[in-house]
Amino acid sequence: MTSTKEAVERYFESWAAKDFAAQRSLLHDDLHFEGPFDTFDRADDLMAALQRLAAIVEGIEIDRWFVDGGEACVLYWLKTTIPDGTVPCAEWSRVRDGKIGFIRVYFDARPFAKMFHAAREAEGSAADEA
């Protein structure tokens, strides 16, 4: 059986490599995810969001790991193309039966909010022109 650290480590490695099939294989179908922007109760919903996010992700740099039984906390730097660039993140995961069943991620959402706001304004301008 896959250990907690192995499951979470492989999840991050596949995310960094943008190997979404490998990443998805490490998640329970009924995964519960909580973050500053979204909450999901299906792994496929999280994967769709991560695939959209991949367009701006340049890399992931792990800073620290903490593992306690079936739970892991990973502190990492999410390197992005957004103006504020690199974002510090903390991600808490629970592993059961060798797969991740819960993820809660913490990060400063303000740099992303600026990006989303600009995208909404661009969409609004395009709709006004139509």
**Request:** Could you tell me whether LEU26 is in contact with a helix residue (DSSP H, G or I) (Cβ under 6 Å, 6 or more places away or on another chain) and within 16 Å of TRP15 (Cα to Cα)?
**Result:** yes
**Asked** Name the residues in region 99-120 that are modelled with pLDDT under 95, among the small types (Gly, Ala, Ser) and not in a helix (DSSP H, G or I), would you?
**Response** ALA109
**Message:** Given (1) in contact with a Gly (Cβ under 8 Å, 6 or more places away or on another chain); (2) closer than 17 Å to TRP92 by Cα, identify the lone condition not met by VAL74.
**Reply:** (1)
**Asked** farther than 20 Å from PRO111 by Cβ, surrounded by 13 or more Cβ atoms within 10 Å (Cβ to Cβ) and in contact with a His (Cβ under 8 Å, 6 or more places away or on another chain) - does that describe any residue in region 51-67?
**Response** no
**Message:** I'd like to know if region 77-96 contains one or more residues that are at pLDDT 95 or above, among the basic types (Lys, Arg) and more than 16 Å from the chain's Cα centre (by Cα).
**Reply:** yes
**Asked** Which condition does ALA72 not pass, out of (1) touching a residue at least 24 places away in the same chain (Cβ under 8 Å); (2) farther than 13 Å from ALA7 by Cα; (3) in a strand (DSSP E or B); (4) hydrophobic (A, V, I, L, M, F, W, C), if it passes all the others?
**Response** (2)
**All positions within region 75-98 that are surrounded by 18 or more Cβ atoms within 10 Å (Cβ to Cβ) and in contact (Cβ under 8 Å) with a residue 60 or more places away in the chain** = TYR76, SER93, VAL95
**Item:** Test: residue in region 42-52 that is modelled with pLDDT of 95 or more, among the acidic types (Asp, Glu) and not in a helix (DSSP H, G or I)
**Value:** no
**Request:** Go through region 24-40 and give me each residue that's touching a residue at least 24 places away in the same chain (Cβ under 8 Å), among the acidic types (Asp, Glu) and closer than 19 Å to ASP97 by Cβ.
**Result:** ASP30
**Item:** Residue satisfying condition, being among the small types (Gly, Ala, Ser) and within 16 Å of ALA17 (Cα to Cα), within set GLY59, GLY70
**Value:** GLY59
**Asked** What pairs come up if the first residue lies in region 1-23 and is touching a residue at least 24 places away in the same chain (Cβ under 8 Å), the second is in a loop (DSSP other than H, G, I, E, B) and among the charged types (D, E, K, R), and their beta carbons are under 9 Å apart, counting only those six or more places apart or on different chains?
**Response** MET1/ASP97; THR2/ASP97
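The values are calculated or read from the model by the stated rules, or taken from the named source; none is laboratory data. Everything numeric here is computed off the predicted structure, so don't read it as measured data. As a convention, Cβ positions derive from the backbone with ideal geometry for all residues, glycine included, and neighbour counts pool all protein chains shown.
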